[in-house]
Amino acid sequence: MSNAPLMPKATAVWLVENTSLTFEQIAEFCKLHPLEVKGIADGEVAAGIRGHDPITSGQLSRDEIATGERDSAHQLRLLVSKVVVPEVKKARGPRYTPLSRRQDRPNAILWLVRNHPELKDAQIMRLVGTTKATLKAIRERTHWNSPALTPMDPVTLGLCSQIDLDFEVNRAAKDRPAVIEDQGQTLVPAALTTHREPVTSEEVFGKPSAPQPVDEEDNFDADRVFSRLKDVDFGE
């Protein structure tokens, strides 16, 4: 009930007994029906309820009550508490699964194990509300009903929401180390294809040939030949 005082009926009892406010003013402030406030004044409603002082609890000031008593059209305003009460966070326990859907839970576990092997046991337990022993039995195929199990999407079965499933899958993907996939052959970098070794003179003109042996005919000595002819006897 928004903008209503604590213990509205007990507050209405105190206002009826200790002020001259109209039934409509008290009913509007306590979020009650005017006939219910009239029943409190007549002793027909809330007969065993003890009145609660809104001034002591800091929900209503004396000046506000006095203003309302002078002007019947004035609507009482609830004071804002200066004490901020921290919100109590409930510890997140195991997910509750309705009895009608508990028989489908092993099928959902099998679906998660097959389709999302990256999920950890704790994540699957949070999604479908199972125990570690049941999860281990389904993984190792030692569950008592293992031959009859059929993989079924837990979202379709109503065991978890798609948002919860996507959250756990994305969380598991972040925790998993990145795997570099083999993309096959790739192009050689341009730095290697355009790189050329400096060209030498031997590659352009070829290696110099080895010196050829000198033939005796190239070194013809005429004097030596004629001197030998003089010694030859032609048979005169």
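The values are calculated or read from the model by the stated rules, or taken from the named source; none is laboratory data. All figures in this text were calculated on a predicted structure; none of them were measured in a lab. No Cβ is skipped: glycine too gets one built from the backbone with ideal geometry, and neighbour counts run over all protein chains shown.
Of the residues Ala12, Ala46, Ala41, which single one is of a type in the set (A, V, I, L, M), free of Cβ contacts under 8 Å to residues at least 40 places away in the same chain and closer than 18 Å to Ser61 by Cα? Only one candidate qualifies: Ala12. Filtering segment 125-149 to residues that are among the hydrophobic types (A, V, I, L, M, F, W, C), without any contact (Cβ under 8 Å) to a residue 40 or more places away in the chain and in a helix (DSSP H, G or I) leaves Met125, Val128, Ala133, Leu135, Ala137, Ile138, Ala148. Residue count for segment 124-163 under the criterion of being of a type in the set (Asp, Glu) and at pLDDT below 90: the result is 0. Entry remark, segment 1-30: residues being outside any helix (DSSP H, G or I) and more than 18 Å from Asp42 (Cβ to Cβ) number 7 in total. For segment 31-65, filtered to residues that are hydrophobic (A, V, I, L, M, F, W, C) and in a helix (DSSP H, G or I), the residue that is farthest from Trp14 (Cα to Cα) is Leu35.
Look at segment 106-121: where a residue is in contact (Cβ under 8 Å) with a residue 24 or more places away in the chain and a partner is surrounded by fewer than 20 Cβ atoms within 10 Å (Cβ to Cβ) and charged (D, E, K, R), sitting 6+ places away or on another chain with Cβ atoms under 7 Å, you get Trp111/Asp153; Val113/Arg139; Glu118/Arg176.
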